[in-house]
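Engineer: Sharing a structure with you now.
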Amino acid sequence: MSGLFLFLIVFHTTSMKIPAIIIFTVAWFGGFTQTSAIGKWVSIDENSGEEKSIVEIFERSGKVFGKVVKLFPRPGKDPDPVCNECPSDDGRFKKKIIGMEILKDMVKSDDGYEDGDILDPETGKIYRCKIWLEDGMLKVRGYWGPFYRTQTWKHAN
């Protein structure tokens, strides 16, 4: 609402409509935060703080999935690797990571999505998973037994 209020004040106090539209656009759209996990997210390495990939989260048949659409390889690393570490009985074994679904079968819950799993293509490990939004960021938690690790992903522009 503050964007609309600012627009009305500026519009009524100036005879030029262009500055009012520009200010309205900046104020209105600058105030929005991400309200859905659906979209593209940048995964961040929690140790180095570097961007690792862009994962597109989408809905299919009432469940939520996520696939890698871009990698940010470290210098000297393969820019289009395959999942050599994936379990050999998994259909993703030896498949290209770009385009791979790493997040599967997530079901809507009160505060996000859960009951699915996530694959770490670097290690080949598959974890139970829960995702939710917090302050415009996506929290991605992988569970292994009673233990868990949470990553914070930022929205890709």
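Engineer: Could you please let me know if Gly99 is part of a strand (DSSP E or B) and touching a strand residue (DSSP E or B) at 6+ places or on another chain (Cβ under 8 Å)?
Structural biologist: no
Engineer: Given the structure, is Val69 among the β-branched types (Val, Ile, Thr) and under 16 Å from the mean Cα position of the chain (by Cα)?
Structural biologist: So Val69 fits the description; yes.
Engineer: List, please: which pairs have Cβ atoms under 6 Å, are six or more places apart or on different chains, and start with a residue in region 113-138 that is assigned by TED's automatic domain parsing to the domain that holds Pro73 and more than 19 Å from Ile97 (Cβ to Cβ) and end with one that is among the β-branched types (Val, Ile, Thr) and part of a loop (DSSP other than H, G, I, E, B)?
Structural biologist: If the second residue must be among the β-branched types (Val, Ile, Thr) and part of a loop (DSSP other than H, G, I, E, B), the pairs left are Gly136/Thr33.
The values are calculated or read from the model by the stated rules, or taken from the named source; none is laboratory data. Given the structure is predicted, the values throughout are model-derived calculations rather than measurements. Here Cβ is always computed from backbone atoms with ideal geometry, including for glycine, and neighbour counts include all displayed protein chains.
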